[in-house]
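Everything below concerns the one structure shown next.
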Amino acid sequence: MARVLVVGGGIAGDALALMLERAGWAVTVAEIAPAPRTGGQTVDLRGDCRRVLDELGLLPAALACLVPQAGAAWIDERERRLAEMPVTAFDGRGYVSAEELLRSDLARILHRAAGPGVTHRFGETVEALEDVPTGVLARFRSGGAEEFDLVVGADGAHSKVRALRFGPEQRYRRPLGLAHAWFTLREQPGTPRLDGWFLTHNASGRRSVAARPGRAGEQEIGLTFAADALPPRRDREARFALLERTFADVGWRTREFLAAARQAEDFALDTYDQVHVPSWHDGRVVLLGDSAWCASPLSGLGTALALRGAAELAAALDAAGALADPGRLPAALAAFERTMRPRTASAQQLPPGRVAAAAPKTALGIRVNALAMRTLQARPLRPLIRRAMAGTEHGRDAA
Ligand SMILES: Cc1cc2nc3c(=O)[nH]c(=O)nc-3n(C[C@H](O)[C@H](O)[C@H](O)COP(=O)(O)OP(=O)(O)OC[C@H]3O[C@@H](n4cnc5c(N)ncnc54)[C@H](O)[C@@H]3O)c2cc1C
């Protein structure tokens, strides 16, 4: 039986593991985290996300986890609404979907759907990948070495497989000039409720604070600010100090959020980057998901692309007959890349002003942003925008 090593048990990795197991491969997933990862904000179930889950028979499980959504609103420091866009705007094709689920629920659904043909190794990663005549020899952090017919790097934007096989991260990373912290806040008796609204408060100096609905009794918080680089991951104190300095004078509930960040088990902080890799495959090693094409959370398409990419890779391997004849792997990987390139290239083309709108620089910019949100929904423009939305692929996940 052909053996595949998937490095990274995130959305792309676990989706592919499931698809290849069903196709008859023996699958090993090496995930660096000690257990399935939780955390992350909501994922939009429109477009490819819905289609691929449906193909996998997992749509009912996803629909059972929906988080109530009313829409998005932009607010001032006293929570007065500057603009709002309900989920019903543009026939349900607007900024926020009526059907969203938490990334952690999606990850859990994919993970649990795997059968006995998938072996997950947690706390594990690869240290070296060596071509041998019959495959790729992977050396693991835990010490052993094993041969695989195919190795897939589904280990996210800071991919180790990419670094080992294609070169250092700085060659492929394109920072967008913003950083983003996200975490879960547990509601207390006095916590203001969101009632399904995704609220964003922009402050001058390119700082944005947002709270969106999560599981019952929880809110998903995001803090966005200007930065190209961050203190190292291991220096948590320096990371919190940076956030606290940056947001010290921002109003609304920011002080409450900064305190909650320190308590959160799922606190995460990263730069908003894109990843551009000229070729995703080399011999029997291939990149999948953010490691290959991260379009950044600002695209709103990361999860949809990860799922579609897994489906296209599985389909290309099947069409080439790579399971029966691993000699056909290079042709299958080339076919996969031909299919996915146009989709990822288009997702990486962020709409003009998208980065600036995520954290406007000046008070005027904040007012213009709110005005734009209101104007887009004005009666004369509605048919135009509706047509534009209808022509796009939907799969927004963390707008
Ligand atoms: C916990 C978490 C929360 C997230 N929250 C959000 C969010 O709120 N908004 C948003 O827009 N995007 C979020 N993302 C990113 C989003 O999931 C991806 O953009 C998208 O789903 C593409 O999926 P992916 O599988 O390519 O990458 P990811 O979902 O990032 O998965 C990559 C996986 O690889 C693992 N990994 C990393 N390095 C190694 C290594 N060296 N060896 C083995 N495994 C490794 C990671 O632990 C992770 O499980 C989050 C990612 C994670 C892991």
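The values are calculated or read from the model by the stated rules, or taken from the named source; none is laboratory data. The model shown is predicted, which means the values in this text are computed figures rather than measured ones. Positions of Cβ are backbone-derived with ideal geometry, glycine not excepted, and every protein chain shown enters the neighbour counts.
Here are the numbers for this structure:
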read-out	value
Candidate set from region 21-38 (those that are within 15 Å of the ligand (Cβ to nearest atom) and of a type in the set (A, V, I, L, M)); member that is nearest to Ala314 (Cα to Cα)	Val27
Restricting region 345-399 to residues that are at pLDDT 65 or above and among the hydroxyl-bearing types (Ser, Thr, Tyr), the residue that is farthest from Leu301 (Cα to Cα)	Thr362
Verdict on Ala304 being away from the ligand (no atom under 16 Å from the Cβ) and on the phi < 0 side of the Ramachandran plot	no
Members of region 78-109 that are away from the ligand (no atom under 16 Å from the Cβ) and either in contact with a Lys or Arg (Cβ under 7 Å, 6 or more places away or on another chain) or within 21 Å of Ala62 (Cα to Cα) (or both)	Ala83, Val87, Thr88, Phe90, Asp91, Gly92, Arg93, Gly94, Ala98, Glu99
Count - residues of region 154-182 that are more than 9 Å from the ligand (Cβ to nearest atom) and either touching a residue at least 24 places away in the same chain (Cβ under 8 Å) or under 30 Å from Gly353 (Cβ atoms) (or both)	16
Scope region 52-67; condition surrounded by 16 or more Cβ atoms within 10 Å (Cβ to Cβ) and assigned to a helix (DSSP H, G or I); matching residues	Val52, Leu53, Leu59, Ala61, Ala62
Residues being in contact (Cβ under 8 Å) with a residue 24 or more places away in the chain and farther than 18 Å from Gln377 by Cβ - total across region 63-83	9
Restricting region 164-210 to residues that are of a type in the set (S, T, N, Q) and assigned to a strand (DSSP E or B), the residue that is nearest to the chain's Cα centre (by Cα)	Thr184
